[in-house]
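The values are calculated or read from the model by the stated rules, or taken from the named source; none is laboratory data. Being a predicted model, the structure only gives us computed values, none of them experimental. Ideal geometry is used to build each Cβ from the backbone, glycine not excepted, and the neighbour counts take in all protein chains shown. Only protein heavy atoms, including side chains, enter the accessible area calculation; ligands, DNA and RNA are left aside. Shrake-Rupley method; radii C 1.70, N 1.55, O 1.52, S 1.80 Å.
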Amino acid sequence: MKKMMKTLLTAAIVGTVLTAAGSVAMAEEEPVTVTWFASRPVDGAIDLAIREIAKQYSDEHGGNWQLEVITEADRPSYLQKLQTLVSGGNMPDIIDIDATPYCQELVDAGMLVDVKEYLNEEGLYDSFEPTALAYQEFTNGTMYTLPLEYHVEMIWYNKEIFAENGLEVPTTMDEWLNVCQALSEAGITPIAVDGVDRWPVIRYLAMMPFRETGNEYIISLSEGNASMGDETGRNGIEFFQQIGQYFQEGFAATDYATAQAMFLDGQAAMYYIGDWEIAAMQEGYENGTIGYFYMPAVEGAYTQANEFCVNSGIGMAFNSETFDEKTKDFINYVIENYGKIYAGMDQMTPIKSELPEDHEFSELYLQVREDMSNIGEHFLKPWDCYLDSNTCNVVNDNALLLATGDMDADTFIELVDSALAEYTSGF
């Protein structure tokens, strides 16, 4: 009995020591930190949703895990800093990047995780809207970025101005130009546009090429297999010059907020922007003063009326050297929880999800969500996702002159083709 008691006491003491040692080891274990270099607005919907999910994940792991977010919302500054980090061998665990030529450079260097492969391995690929994933792909079908948003772009219009001038919503490009002409002749600014950020202007340049070829023309152009002076390119330029005369005076110096305010204040009849501005359009939509229509069609064109600019924004990419099981587990957790949380912020989600029952959605939100369920096979992908950075700058800067009539088509074509030749000569 004494020997038994002694044995049990010794075992208890050893067990207590081991337990204590284990507790000390856990207490002394350094927290796991995942870094995300983000190019999104601080306190924007994506930023808030990811931070909320990261906190939940950390809490479920005893606080021994954290997400460190470093934000640079200005895209040119962000890309410059990203390139500096990468070249210095300091790429964060997670970065924001489009499927651009620079992203392809990182892929070729083996620095990014194959997201399509990862999603398929985890059985998560079908959790996403197909168009949202397709937007993230390179032209060869590979995918190295994960979508966190899902948008459709449309033309918002002032119903009262249209009614007062006897105008109907245009369904074709020619009808759209006729509407613009009628408004201009009535002394009304037809279209408000943000020229400072460039991309809203370039959308108009891309419209006719998209109607005629889908994204095939811009892909061929970016690869040096087409000219800006080809028939499709010239058709795009011609339409761009025609509609550009209906932008507000001084549009090149007009920023995002000012362009939006012009439309909301009734100083312009139309405004091209995406569903991310639903909140701003909500009141006007409810009182019947604001409506919207999608990119008008072209008879006999390659793309149809239900095909227009749909995007899933800048993607989230992962450092292949640090994408371990802990990081992967967190991303799986994000995919599992993101849809409802993000939708609960009145955002369209790229992840298939039921809408949260404890949130009331507006009629406008539900209508746009319904529209997005009926989108066709093709979607306009922004030109800056295909063009190299130098050619993109050439297009962006000179398109403003093209739209104001301060540059002719042939000069614009020569500048773009020269930039492309310089880039593709290295292939």
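Some points to look at:
- Residue match in region 163-173 (condition: modelled with pLDDT of 95 or more and among the small types (Gly, Ala, Ser)): yes
- Cβ-Cβ under 9 Å pairs, at least 6 apart or on other chains, region 49-61 side at negative phi, far side open to solvent by 10 Å² or more (accessible area, probe 1.4 Å) and among the small types (Gly, Ala, Ser): Ala49/Gly344
- Restricting region 215-264 to residues that are hydroxyl-bearing (Ser, Thr, Tyr) and assigned to a helix (DSSP H, G or I), the residue that is farthest from Leu400 (Cα to Cα): Ser220
- Any hit, region 213-220, residues being open to solvent by 10 Å² or more (accessible area, probe 1.4 Å) and in contact with a strand residue (DSSP E or B) (Cβ under 9 Å, 6 or more places away or on another chain): no
- For region 358-373, the count of residues that are out of contact with any Pro (no Cβ under 7 Å at 6 or more places or on another chain), outside any helix (DSSP H, G or I), crowded, with 20+ Cβ neighbours inside 10 Å and on the phi < 0 side of the Ramachandran plot is zero.
- Criterion violated by Trp65 - all others in (1) out of contact with any Lys or Arg (no Cβ under 9 Å at 6 or more places or on another chain); (2) open to solvent by less than 20 Å² (accessible area, probe 1.4 Å) satisfied: (1)
- Residue list for region 97-118, filter: free of Cβ contacts under 8 Å to residues at least 12 places away in the same chain and not charged (D, E, K, R): Ala109
- Any hit, region 69-86, residues being open to solvent by 30 Å² or more (accessible area, probe 1.4 Å), touching a residue at least 60 places away in the same chain (Cβ under 8 Å), not hydroxyl-bearing (Ser, Thr, Tyr) and not in a helix (DSSP H, G or I): no
- Evaluation of Gly405 against (1) out of contact with any Ser or Thr (no Cβ under 7 Å at 6 or more places or on another chain); (2) crowded, with 16+ Cβ neighbours inside 10 Å; (3) not hydroxyl-bearing (Ser, Thr, Tyr) (one fails), failing number: (2)
- Only one entry in Met262, Met295 is more than 20 Å from the chain's Cα centre (by Cα), at pLDDT 95 or above and within 30 Å of Ala343 (Cα to Cα), namely Met262.
- Region 181-212, subset of a type in the set (Val, Ile, Thr) and open to solvent by less than 30 Å² (accessible area, probe 1.4 Å), residue nearest to Val416 (Cα to Cα): Ile202
- Set Tyr217, Tyr256, Tyr285, Tyr294: member being within 28 Å of Leu148 (Cα to Cα), of a type in the set (Phe, Trp, Tyr) and without any contact (Cβ under 8 Å) to a residue 60 or more places away in the chain: Tyr217
- Verdict on Asp358 being under 21 Å from Gln136 (Cβ atoms), modelled with pLDDT under 95 and of a type in the set (Asp, Glu): no
- Matching option when the condition is modelled with pLDDT under 95 and in contact with a Lys or Arg (Cβ under 7 Å, 6 or more places away or on another chain), among Ala73, Ala99: Ala73
- Region 363-376 residues that are closer than 18 Å to Tyr342 by Cα, paired with ones that are outside any loop (DSSP other than H, G, I, E, B) and of a type outside the set (D, E, K, R) (beta carbon under 7 Å, 6 or more apart): Leu364/Ile278; Leu364/Met281; Leu364/Gln282; Leu364/Tyr285; Tyr365/Ile278; Val368/Val152; Val368/Ile278; Met372/Val152
- Failed item, numbered, when Pro209 is tested on (1) more than 30 Å from Gln245 (Cβ to Cβ); (2) free of Cβ contacts under 8 Å to residues at least 40 places away in the same chain; (3) in contact with a Gly (Cβ under 8 Å, 6 or more places away or on another chain): (1)
- Of the helices (runs of 4 or more DSSP H) entirely within region 125-191, those holding at least 3 residues that are over 23 Å from Leu205 (Cβ atoms) occupy 130-136, 159-164.
- Taken over region 102-145, the criterion of being open to solvent by 50 Å² or more (accessible area, probe 1.4 Å) and in contact with a Lys or Arg (Cβ under 9 Å, 6 or more places away or on another chain) is satisfied by Glu122, Tyr125, Asp126, Glu129.
- When Gly313, Gly300 are checked against the criterion of being at pLDDT below 95, closer than 22 Å to Asp346 by Cα and assigned to a loop (DSSP other than H, G, I, E, B), Gly313 stands alone in meeting it.
- Residues within region 376-386 that are open to solvent by 30 Å² or more (accessible area, probe 1.4 Å) and part of a loop (DSSP other than H, G, I, E, B), tallied: 3
- Residue list for region 319-344, restricted to those being outside any helix (DSSP H, G or I) and among the β-branched types (Val, Ile, Thr): Thr322
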